[in-house]
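Working notes, structure below.
The values are calculated or read from the model by the stated rules, or taken from the named source; none is laboratory data. Being a predicted model, the structure only gives us computed values, none of them experimental. Ideal geometry is used to build each Cβ from the backbone, glycine not excepted, and the neighbour counts take in all protein chains shown.
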Amino acid sequence: MVATALEVMKNYANYSGSGVMPLLFFASLFFVALTEKDKVVRGTMLYGSVALIAINFFVPLYYVYSRLIDASTYWRLWWTVPIGCGLAYAAANVIGEHKKVGLLLALLVMILGGDFLYTKKNVNGEIRPAENIYQIPQQVMDIVDAIKLSGEGTHIKAAFPGEMLVYIPQYDGDIEMPYGREMLDPNWHNGVSGFYMLMNDDVVNFQELKPKCVQNDTRFIVVNAHKLKVDEPEDWDFELLYSFEDYQVYEQKEIYNIQEEYRWRE
Amino acid sequence: MLQLLREIFVFILWMGIFPVLTGLLPAYYIGRRKLQPVLIWCCGFFIMLGAFEIPATICIIFRLTLTHLTIVSLLLLMMLSVLGIFFLMLKEPEERRLSFHKKMGKEEKFLWGIFFLLLIFTMVLSVMMMTTDGDDAYYLGSALQAVRTGYLYLVDPYTGVFRNELDYRHILSPFPMFIAVMGDMMGIHTTILAHVLLPLVLIPASFAIWGLSGKIFFKANPDRLPVFMILLVLFTLFGNYSVYTRETFLLGRTWQGKSIIANMVLPMAFYLMLTLGEHVQEQRRDYYDGKLRLSHTAVASLLLLGAVNLTGILCSSMGILLTPVLELVYMVIIALREKSFKVILGGLLPLIPVAVYGLLYMTEKGWIILLQNMYQL
C-alpha cells in the first residue's frame, strides 16, 4: 500500500514539474474558498476541483487502474482538474480593477514559475522552426523523394536510422520499412529487430547488413554519413546512390537484380 | 486555382458550415433562447465529431473503405445540418438574430485586443514551429495510409505493411480517420492539414470553450472576462512545466486526439456541468414549488453532453474514463447542493455511449469478433 501511495505521489511529481504552478493553483482554490459567494461557481471551481484532486490521489484507484489499464498513463487523470482555468479565475479576481499592473505581475509569475514550450531544447521530441509546410525535417523529405525516384515503378522497401522513423510514415506511405517507430517505443516491441540494432549501431557494417537486406527484401538503406564504416560497401553489393549533408543512401544490388528480373518476367 | 478553391471550400465545410448548422438547436436552448455565435460553433463541433465516431467505428470494424466512411458521415452530417436549418426556419425572425457581446468600454476593448494579439501569436508559433512527437508516426501515419490505400487501419502505419488483424488498441478512437476524410476531400496531404491547418481552428476553439465558462464566472463583473482570457493564454504559453500538461499538448500535439480531449472535450464537459448547475438552481428559484422539471435547456445540455462524451471516445481511449469521472463528480456536487437525486439520474443518460464503448474496449477482441461473425453469418 505504501509503495502504491509513493507511486501516486511520483505520478503527481512528474505531472507538476517544478511544482510552482500546481501550488499556485492550490492557493487559488484557497482564495476561492474564502471569497466566492456564488453557489454554482463555488461548487464547480472549489468543490469539483477538490474532489477531482482527491480522486487523483486516491490510492486504491491507482491500484485498480495500474492493474486494469496502464499505470504509465495515470497522469492523464490530472487533465480533469481545471488548473489553468482555476488559476486564471482567481488571478482575474485578485487583479480586480488594477488590470494593467496585475497582468504584468501575472506575466512575471508565469515567466518565473512556468516554462515556455518553444524554447525547450528537447521535450518529448524536437522543437525548432519548421523547415517546410509539412513540419518535417527537409533532409528527411529529400531522402525519401530521392529513394522514390530511384525505385519508381517498383515496390520500395527501405531501412532508415532510428531518428527518421517518426517522420517517414507521416511524409510518405508508399515506402515500406523492415521495422518502424515501434523500435523506439517501450509500449511496443522496443528494438527487437536485429536489422534495427545493426542500423542503430555506432559503426556501419555492410557485411552484416547485406543478409538483413536480402532476408527483408530491403533495397535501400539510409546510413549516417558521419558513422565509421568498417568495410567497403562495394564488397557487399551496396552502391552509393545519394549523399546528403548528414546521410548516405545505398542500394543493395542483389535485391535490385532480383526485382529487375521479376519486372522483366512480368 | 480550382484545387485551392476545393481546399478552402472543404475546410470551411467541416470547420465552419457543419459545426454552425448542427450546433443551432442545442445552442439555442443552452444559451437561454439566444443564438450566441461562439456557443453555436462549439456545440456543433462536438455534435459533428460525436456523430462521426459512430460510422467511423462501424466502417473500421466491418472493414469498409474511406470512401464508405466519407459518404456515410457526409450524409449523416447533412441530415443534422438540415435539421438545424429547419429549426431556424421555424423560429420567429427576432429569435433568429445572433446575440453579440454587449457594448464595451475603452479599457475592455483594449484588453480584448491584447487577448486576440496573444492568441494570434500562439497560432503563428504553432504554424512556424515544428514540435516533433513520436506518436505522430502512428496517428498521422494511419491517416496517410487511409488516404493512400482507402483501407481503414489495415496498414501498419509504422512499416507501411498490410495486416490482417485490426489494431484493437486504436480503432475505437479513430480521430486520425477524421483527418483522413478531411484530407482526402480537400486533396491535401494529411500531415499538412494536421500540422498547419487544424491548429488554426483547434487552438482558438479551446480558448473559446474556456471563454464560455468564463462568461458564467464573470456574470457580475464582465470586465474581468478579458483579463481571465489573457491569463489563460499566458498560462498556456508558459504551461510547459512538465511534458504531461494539457497546455503542452495544446501547443505541441494540437492535432492529436489526446490534445483535443484535454483541451476541448473536458473543458466543454466542465462548461456544460456549470450550465446545468446554474439551470437547476434557476429552476429551484423560479418555480413556485421548487421542483425540478425536464426543460429544453436540460435536455439540450444532456444531449450535447452525450455528443461530447462520444467525441472524447473518438479522440482517445481515455475518453471512457476521463469524461465520466469529471461528469459524475459534478453531478454529485449539484445533486447534493440541490438535494435532488434526479440530477444524477439525468446525468447518467449521456454516459450511455461511454458504457457501450467501454464494454467494447474491456472485452476487446471478444465482442468485436462476435460482431464480425454475426455480420458474416
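For region A:208-232, which residues satisfy the criterion of being more than 19 Å from A:I258 (Cα to Cα) and free of Cβ contacts under 8 Å to residues at least 40 places away in the same chain? Don't jump to the end; show me each part of the working.
Going through region A:208-232, the residues more than 19 Å from A:I258 (Cα to Cα) turn out to be A:208, A:222-232.
Correct list: A:E208, A:A225, A:H226, A:K227, A:L228, A:K229, A:V230, A:D231, A:E232.
In this structure, is B:L310 in contact (Cβ under 8 Å) with a residue 60 or more places away in the chain, within 8 Å of chain A (Cβ to nearest Cβ) and under 27 Å from B:P55 (Cβ atoms)?
Considered against the rule, which asks whether it is in contact (Cβ under 8 Å) with a residue 60 or more places away in the chain, within 8 Å of chain A (Cβ to nearest Cβ) and under 27 Å from B:P55 (Cβ atoms), B:L310 comes out as no.
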Hey, could you check region A:194-246 for residues that are among the hydroxyl-bearing types (S, T, Y) and more than 22 Å from A:E182 (Cα to Cα) and say which is surrounded by the fewest Cβ atoms within 10 Å (Cβ to Cβ)?
A:S243
Count of residues meeting criterion [outside any loop (DSSP other than H, G, I, E, B) and of a type in the set (D, E, K, R)] in region A:163-184:
4
Let me spell it out: the conditions are (1) hydrophobic (A, V, I, L, M, F, W, C); (2) facing chain B (nearest Cβ under 7 Å); (3) farther than 28 Å from B:W255 by Cα, and A:I127 meets all of them except one. Which number is the exception?
(3)
Answer yes if at least one residue in region A:129-147 is closer than 18 Å to A:R219 by Cα and of a type in the set (D, E, K, R), and no otherwise.
yes
Can you tell me which residue among A:M1, A:M21, A:M9, A:M45 is surrounded by 22 or more Cβ atoms within 10 Å (Cβ to Cβ) and either more than 11 Å from every other protein chain (Cβ to nearest Cβ) or under 27 Å from the mean Cα position of the chain (by Cα) (or both)?
A:M21
Specify the residue that is modelled with the lowest pLDDT; the eligible residues are those in region B:352-367 that are of a type in the set (A, V, I, L, M, F, W, C) and surrounded by fewer than 19 Cβ atoms within 10 Å (Cβ to Cβ).
B:W367
Unique match (being more than 9 Å from chain A (Cβ to nearest Cβ), touching an Asp or Glu at 6+ places or on another chain (Cβ under 9 Å) and at negative phi) among B:S126, B:S142, B:S173
B:S173
Somewhere in region B:32-41, is a residue part of a loop (DSSP other than H, G, I, E, B) and not charged (D, E, K, R)?
yes
How many of the residues making up region B:173-205 are closer than 16 Å to B:L125 by Cα and of a type outside the set (A, V, I, L, M, F, W, C)?
3
Report yes if some residue within region B:241-252 is without any contact (Cβ under 8 Å) to a residue 12 or more places away in the chain, surrounded by fewer than 24 Cβ atoms within 10 Å (Cβ to Cβ) and aliphatic (A, V, I, L, M); otherwise report no.
yes
Just to verify a result, which residue in region A:48-69, among those that are closer than 22 Å to B:T363 by Cα and free of Cβ contacts under 8 Å to residues at least 24 places away in the same chain, is farthest from the other protein chains (Cβ to nearest Cβ)?
A:R67
Evaluate region B:86-105: report whether one residue or more is over 25 Å from B:G31 (Cα atoms) and part of a helix (DSSP H, G or I).
no
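Table: residues versus (1) surrounded by fewer than 24 Cβ atoms within 10 Å (Cβ to Cβ); (2) small (G, A, S); (3) more than 9 Å from chain A (Cβ to nearest Cβ).
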position: B:H296; (1), (2), (3): yes, no, yes
position: B:E327; (1), (2), (3): no, no, yes
position: B:Y330; (1), (2), (3): no, no, no
position: B:R337; (1), (2), (3): yes, no, no
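Matching residues to (1) within 24 Å of A:A158 (Cα to Cα); (2) assigned to a helix (DSSP H, G or I); (3) in contact with a Gly (Cβ under 6 Å, 6 or more places away or on another chain):
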residue	(1), (2), (3)
B:M123	no, yes, no
B:V127	no, yes, no
B:G141	yes, yes, no
B:Q145	yes, yes, yes
B:R148	yes, yes, yes
B:L172	no, no, no
B:I179	no, yes, no
B:M182	no, yes, no
B:H195	no, yes, no
Residues that are over 20 Å from the mean Cα position of the chain (by Cα) and surrounded by fewer than 23 Cβ atoms within 10 Å (Cβ to Cβ): does region B:46-55 have at least one?
no
Matching residues, region B:64-85, being touching a strand residue (DSSP E or B) at 6+ places or on another chain (Cβ under 9 Å) and either surrounded by fewer than 14 Cβ atoms within 10 Å (Cβ to Cβ) or in a helix (DSSP H, G or I) (or both)
B:L66
Members of region B:231-280 found to be in a helix (DSSP H, G or I), of a type in the set (F, W, Y) and farther than 16 Å from B:T122 by Cβ, listed by number:
B:F270, B:Y271
Anything in region B:111-159 that is of a type in the set (A, V, I, L, M, F, W, C), loosely packed, with under 14 Cβ neighbours inside 10 Å and either more than 23 Å from the chain's Cα centre (by Cα) or closer than 18 Å to A:V166 by Cα (or both)? List them, or say none.
B:L117, B:F121, B:M128
Scan region B:8-25 and give yes if some residue there is surrounded by 13 or more Cβ atoms within 10 Å (Cβ to Cβ), in contact with a Pro (Cβ under 6 Å, 6 or more places away or on another chain) and closer than 18 Å to B:L272 by Cβ, otherwise no.
no
Name the pairs whose Cβ atoms lie under 6 Å apart, with the first residue in region B:210-235 and at the interface with chain A (Cβ under 8 Å from one of its Cβ atoms), the second part of a helix (DSSP H, G or I) and of a type in the set (K, R), and 6 or more positions between them or separate chains?
B:F218/B:R224; B:V227/A:K99
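Conditions tested, residue by residue: (1) under 18 Å from B:L237 (Cα atoms); (2) at the interface with chain B (Cβ under 7 Å from one of its Cβ atoms); (3) surrounded by 17 or more Cβ atoms within 10 Å (Cβ to Cβ); (4) aliphatic (A, V, I, L, M).
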site	(1), (2), (3), (4)
A:C85	yes, yes, yes, no
A:I95	no, yes, yes, yes
A:L103	yes, yes, yes, yes
A:K148	no, no, no, no
Looking at B:E53, is it away from chain A (no Cβ under 14 Å), closer than 27 Å to B:P204 by Cβ, acidic (D, E) and in contact (Cβ under 8 Å) with a residue 12 or more places away in the chain?
yes
Among (1) touching a Gly at 6+ places or on another chain (Cβ under 9 Å); (2) part of a loop (DSSP other than H, G, I, E, B), the one test that B:V227 misses
(2)
